[in-house]
Structure formats: C-alpha cells, structure tokens
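Report on the following structure.
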Amino acid sequence: QGQLVETGGGLVQPGGSLRLSCTASRMIFSTFTMYDMGWYRQGPGKQRELVATITSDGTAVYGDSVKGRFTISRDNSNKRVRLQMNNLNPEDTAVYYCNASPSIATMSEYWGQGTQVIVSS
C-alpha cells in the first residue's frame with residue numbers, strides 16, 4: 001500500500017500537454033529496477049487500457065491510440081516514471097494509473113491510486 005504515488009493530472013484544453021509522474025517512494029533502488037513500469041487509463045464507461053510501459057533498460061511500448069503523442073520515461077536513480085502527454089484530445093480523458101509489474105513472479109504487482117486527466121474546452 002502506498003508504493004506508487006502519482007502526480008500531475010488536471011484539466012487541459014484540447015491540443016494541450018500534461019506530464020504525469022509516478023514515484024515509488026517506498027521501494028529501494030535495486031527493487032525498482034526489477035520492475036517494468038507503466039501507465040494505464042480508464043475512461044468513463046470504458047475498460048482499463050494500456051497507455052505505455054517501459055522496462056528497466058528503457059524499452060518502451062505504447063498503446064495505438066497514443067503513439068506519436070505520448071512519451072514514457074523512467075529515472076531509476078529517483079525511482080520515478082513519467083508520462084509526457086502532448087496534443088491531448090477529449091478521448092484522452094480518463095483516470096491514469098501507474099503500474100509496477102515485477103520481473104520475478106514471486107514479487108508483488110503494484111498500482112497507484114490514479115490521477116484524473118480531463119481534456120475539455
């Protein structure tokens with residue numbers, strides 16, 4: 001509980017940008033590097049979907065709807081993952097969740113509490 005803390009959500013106009021951050025404040029560095037980090041989102045009346053994931057060595061995967069607009073990055077030394085979101089549109093409105101997926105099956109998976117992003121004029 002409380003392993004992942006997200007910040008950066010809010011209200012933005014279409015075409016605008018936001019940056020989300022997620023910090024694994026309670027993890028030690030060596031543990032953080034054993035996790036793939038990611039962002040997922042759940043829009044109103046929709047299922048949770050993949051936004052982007054990134055491995056410890058920086059390999060990123062993006063959902064089709066955000067390719068070319070969103071960029072995921074991670075800073076292992078600060079145990080942080082970020083999502084830069086550009087050219088936002090109303091379909092990006094959702095609660096965004098940070099996820100830590102372990103590379104070892106016996107380790108726990110973690111989710112953040114979610115941060116709301118609203119794209120509206």
Notebook entry, point to check: Mind checking which pairs have a first residue in region 19-42 that is under 12 Å from V81 (Cβ atoms) and a second that is surrounded by fewer than 16 Cβ atoms within 10 Å (Cβ to Cβ) and modelled with pLDDT under 90, Cβ under 7 Å, 6 or more apart or different chains?
Noted result: Y35/S103; D36/S103
Checklist line | Where a residue in region 45-57 is crowded, with 16+ Cβ neighbours inside 10 Å and its partner, wherever it lies, is outside any strand (DSSP E or B) and of a type in the set (A, V, I, L, M, F, W, C), with Cβ under 8 Å and at least six apart | finding: V51/V66; A52/V66
Checklist line | Subset of region 1-29 (residues that are open to solvent by less than 60 Å² (accessible area, probe 1.4 Å) and either in contact with a Phe, Trp or Tyr (Cβ under 9 Å, 6 or more places away or on another chain) or over 26 Å from K67 (Cβ atoms) (or both)) | finding: G2, Q3, L4, E6, G8, G9, L20, C22, A24, M27
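So that you can scan it fast, the table gives a plain yes or no per residue for (1) touching a Gly at 6+ places or on another chain (Cβ under 6 Å); (2) of a type in the set (G, A, S); (3) closer than 15 Å to S21 by Cα:
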site	(1), (2), (3)
R41	no, no, yes
S56	no, yes, no
I72	no, no, yes
P102	no, no, no
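Matching residues to (1) polar (S, T, N, Q); (2) open to solvent by 60 Å² or more (accessible area, probe 1.4 Å):
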| residue | (1), (2) |
| --- | --- |
| E91 | no, yes |
| V95 | no, no |
| S103 | yes, yes |
| W111 | no, yes |
| G114 | no, no |
Next item on the list: Could you list, in sequence order, all residues of region 1-51 that are in a loop (DSSP other than H, G, I, E, B), closer than 16 Å to C98 by Cα and not polar (S, T, N, Q)?
Entry: G2, L4, G8, G9, A24, R26, M27, M34, G43, R48
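The values are calculated or read from the model by the stated rules, or taken from the named source; none is laboratory data. Remember, it's a predicted structure, so these values are computed and weren't measured experimentally. So basically every Cβ, Gly included, is an ideal-geometry build from the backbone, and we count neighbours across all protein chains shown. The area values use the complete protein model at the heavy-atom level, side chains included, leaving out ligands, DNA and RNA. Shrake-Rupley method; radii C 1.70, N 1.55, O 1.52, S 1.80 Å.
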